[in-house]
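Values in this text are rule-based calculations from the coordinates and carry no lab data. Quantities reported herein were computed from a predicted structural model and do not represent experimental measurements. FYI the Cβ positions are ideal-geometry reconstructions off the backbone, even for glycines, and counts take in every protein chain you see.
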Amino acid sequence: MYFTYYKYLGDFMAQVTSGELQKEFGRYRTIAHREAVVITNHGREDLVLISAEEYRRLQELEKRAFHVSEMSDNDLLSLSEVEIPREASQYNDELK
């Protein structure tokens, strides 16, 4: 097992090969209760093992509504570049 620094997360995460995970599943299961474990396959990141509690927390965050003022400048820029499909015009009356 080794640890990789993920700059965008600002943290270190355990990283393990799929073969090592099979051999030492109990060990990595215990680690996954504390932090995410990145599983690699043929040297490339493939999956992430997390606890059920963390998964539920992430699911709730995904459902969370937020105000546009909470969005990053990068997200706002991305939204401004989106082309709205013509088919969406059928919903224009919902804006009134």
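In region 2-83, what % of DSSP beta bridges are antiparallel (nearest 5)? About 70 percent, rounded to the nearest 5. For region 20-34, backbone phi angles converted through the Karplus equation (6.51, -1.76, 1.60; θ = phi - 60°) give residue-by-residue couplings of 5, 4, 4, 6, 10, 4, x, 4, 6, 4, 5, 4, 5, 6, 9 Hz, Gly and Pro being listed as x. Measuring r between the beta carbons of Leu77 and Arg44 and using R0 = 35 Å, the FRET efficiency lands at 0.75. In terms of packing, defined here as the mean over residues of other Cβ atoms within 10 angstrom, the peptides 16-23, 62-69 line up highest first as 16-23, 62-69. Between Gln59 and His33, full extension at 0.36 nm per residue minus the direct alpha carbon distance yields a gain of 7.7 nm.
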